[in-house]
Every structure is written in C-alpha cells, then in structure tokens.
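Report on the structure given below.
Nothing in this text is a laboratory measurement; each read-out follows from the coordinates by a stated rule. Bear in mind the structure is a predicted one, so any value in this text is a computation, not a measurement. When we count neighbours, we look across all protein chains shown, and the Cβ atoms used for this are built from the backbone with ideal geometry, even at glycine.
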Amino acid sequence: MAAVSFANDIAPTLFKYRGQMAWRFDLANYEDVKANAKIIADQITGDPPGMPPPPFDPFPKTFTDAFAAWIANGCPP
Ligand code: HEM
C-alpha cells in the first residue's frame, strides 16, 4: 500500500463533518488535524467511539487504522 497521507487517506473522510466540529477545529485543515491528532484518534477509536457521535455511524476500522498509521508515520500531508 502506498504511504498514507492526509490528502489521500484522511481528509476525504473527515471533510463532511467539518461544519459540526468547526467550533473547535477544521477537520479539512491539515494543520488543525495534525495539531489535534492524538485527541482525534482517542475519540474515533473508543469503544463505543465518542466521535462521530450518534446517530452518525462510527468510522470503519479501515479508516481508524489508516488514521493510526498516519500518526505513526509522522502525519504526512
Ligand atoms: C456530526 C458529527 C459531529 C458532531 C455533531 C460533533 C459534536 C461534538 C461535540 C458536541 C463535542 C463536545 C462534547 C463532547 O466531547 O462530546 C465534540 C468533541 C470532539 N469532537 Fe466532535 N462532532 C462530530 C464529528 C467529529 C469527528 C468526525 C471527529 C474526528 C474525526 C470529531 C472529533 C472531536 C474531538 C477530538 C472532540 C474533543 C475536543 C476537545 O477535547 O477539545 N468530531 N464533538
């Protein structure tokens, strides 16, 4: 698999929620997501995940794994 990147693997999935989280950070903005990567990872991987909150579906494991890999790789843009 190609190296995970914000543009290809993270931003497309987070984009649709940016309005709901704009009060705290911009989920479509690389610097914002990078700066908050740890708390975002905690929220999306809880059991049950805190974010996205009900009635929205939790992210699939393919996405939470990609997010963890993105952090492990140093949050490449
Ligand atoms: C429709 C979707 C969403 C709604 C309505 C929403 C709403 C909220 C609300 C009301 C809070 C503050 C109360 C709480 O912590 O429960 C919060 C916190 C948070 N949300 Fe969301 N959210 C949404 C989607 C997302 C998504 C997709 C992510 C991450 C990818 C996210 C990441 C976070 C984080 C990290 C916090 C904690 C912020 C902090 O500790 O300062 N949210 N959200």
The stretch 1-14: number of residues that are β-branched (V, I, T) and either away from the ligand (no atom under 13 Å from the Cβ) or touching a Gly at 6+ places or on another chain (Cβ under 8 Å) (or both)
1
Residues satisfying the stated conditions in the stretch 20-48, i.e. within 17 Å of A68 (Cβ to Cβ) and not hydrophobic (A, V, I, L, M, F, W, C):
K34, N36, K38, D42, Q43, T45, G46, D47
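Please determine, by comparing only the residues of the stretch 15-25 that are part of a helix (DSSP H, G or I) and near the ligand (Cβ under 7 Å from one of its atoms), which one is surrounded by the most Cβ atoms within 10 Å (Cβ to Cβ). Let's see the steps before the verdict.
At the first step, the residues of the stretch 15-25 found to be part of a helix (DSSP H, G or I) are 15-21.
Still in the list and also near the ligand (Cβ under 7 Å from one of its atoms): 17, 20-21.
On the way: Y17: 14, Q20: 13, M21: 17.
Restricting to residues being part of a helix (DSSP H, G or I) and near the ligand (Cβ under 7 Å from one of its atoms), the top hit is M21.
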